[in-house]
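The values are calculated or read from the model by the stated rules, or taken from the named source; none is laboratory data. Model, not experiment: these values are computed from the prediction. Here the Cβ positions follow ideal geometry from the backbone for every residue, glycine too, while neighbour counts run over all protein chains shown. For accessibility, only protein heavy atoms count, side chains too; no ligands or nucleic acids. Shrake-Rupley method; radii C 1.70, N 1.55, O 1.52, S 1.80 Å.
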Amino acid sequence: MPDPILHLSNLDVRYGRTQALSGIGLSLYEGEAVGLLGTNGAGKTTLLNAVSGFLRPSGGTLELFGEPIHQCPPHQIVRRGLLQLSQERDLFGDLTVLDNLRLGSLARAPKTFDRNLERVFHYFPRLKERVAQRASTMSGGEQQMLAIGRALMAEPRIMLFDEPSAGLSPLFVQEIGAMMRALRNDGDVSILLVEQNMLLAAQVIDRFYMLRAGTVVAEGPVSELEQDHEELARRYYL
Ligand code: ATP
């Protein structure tokens, strides 16, 4: 078994006196997509923010490609290849689609721009048709595509998605799901996905971790999720 590219061991995170995560263990291996499931308030976003360096853990270890990162600020973690896509899409509304994509590639060598742009258009042909459109005039689903596309321009090796389907129409949920599946199948980017839409998650992920009140209460292959969907829902969602 190869080493995980992201490894959390016994991780604790507190907000003041509130313990939001305790004793979290999680591994992500190269080329796989892993789901973080659980109800509102279970600690999923907190976990992503700790991994991305936005929150300092109060205990435990966090390793990215075998190196400890619990002391690293977010920009250093991005530079090491891990990129979190936040729920707010943080696009530049007055700029065009193309300029937003350009901003995503600033940290990369200019000669890689065309190749990365083609890759984004391969996943999202709709963005190619709209390169000159201002981001603020796009629909929510299109903006989500642009936010993911811009992230891809930075050539991440690990992407963290926080409820990418939130607030989108069923058609866009399907398109984003298909895109994440293609990304996972192409194998260049490993995925950690927070998603309350179990049907969407099940289409994308290989394995899951179920969080409840800040701890991992179940984990396993996605097949288990499909078989035990009702049982898991009864035990952890209701
Ligand atoms: P959701 O799906 O609603 O976003 P979640 O699983 O992502 O839920 P978190 O947002 O990580 O859960 O929240 C975990 C716990 O930490 C919750 O009890 C929440 O109230 C608490 N919490 C989150 N952010 C803060 C904060 N900035 N200050 C204090 N407590 C917080």
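Rolling a 1.4 angstrom probe over segment 89-155 with all protein chains present gives an accessible area of which 54% lies on carbon and sulfur atoms.
Under 5 Å between amide hydrogens, built in the peptide plane, is the criterion, and for Gln84 it picks out Leu160 among residues at least 5 positions away or on other chains. Once Rg and the Kirkwood radius are both taken over the C-alpha atoms of segment 89-155, their ratio Rg/Rh works out to 0.93. Our coupling estimate for segment 186-199, obtained by passing each phi through the Karplus curve with A = 6.51, B = -1.76, C = 1.60 and θ = phi - 60°, is 5, x, 7, 10, 8, 10, 10, 10, 8, 7, 8, 7, 4, 5 Hz, Gly and Pro reported as x. Here the chain carries DSSP beta bridges of which approximately 55% are antiparallel, counting only pairs with both residues inside. Take the Cα of Asp186, step 7 Å toward its Cβ, do the same at Ser139, and the gap between the two points is 2.3 nm.
Between the amide H of Phe208 and those of Gly35, Gly220, Val222, distances stay under 5 Å, these residues lying 5 or more places away or on another chain, with hydrogens modeled in the peptide plane. Across segment 6-88, counting alpha-carbon atoms alone, Rg and Dmax equal 12.2, 37 Å.
Amide H contacts of Gly38 (H built 1.01 Å from N, in plane; Pro and chain starts excluded): Leu211 sit under 5 Å, all sequence-distant by 5 or more or on other chains. Could you tell me whether segment 139-206 comes out rounded, prolate or oblate from its Cα gyration tensor? Rule is a ≥ b ≥ c as square roots of the eigenvalues, rounded for a/c under 1.5, then prolate if a/b exceeds b/c, otherwise oblate. Cα axes put segment 139-206 in the oblate bin. Shown in residue order for segment 23-29 are the 3J(HN,Hα) couplings computed by the Karplus curve 6.51 cos²θ - 1.76 cosθ + 1.60 at θ = phi - 60°: x, 6, x, 7, 10, 10, 9 Hz (x for Gly and Pro). Evaluating 6.51 cos²θ - 1.76 cosθ + 1.60 at θ = phi - 60° for every residue in segment 159-173, the Karplus couplings come out as 10, 9, 10, 10, 6, x, 8, 4, x, 9, 6, x, 5, 5, 4 Hz, glycine and proline recorded as x. Full extension of the chain segment joining Lys128 with Asn40 gains 28.1 nm, where the gain is 0.36 nm per residue of separation less the Cα-Cα distance. The alpha carbons of the chain stretch over 47, 39, 38 Å along the principal axes, in descending order. Label zone (Glu67, point 7 Å along Cα-to-C-beta; backbone nitrogen cut-off 16 Å) within segment 128-163: 156-158. Full extension of the chain segment joining Arg108 with Ser58 gains 14.7 nm, where the gain is 0.36 nm per residue of separation less the Cα-Cα distance.
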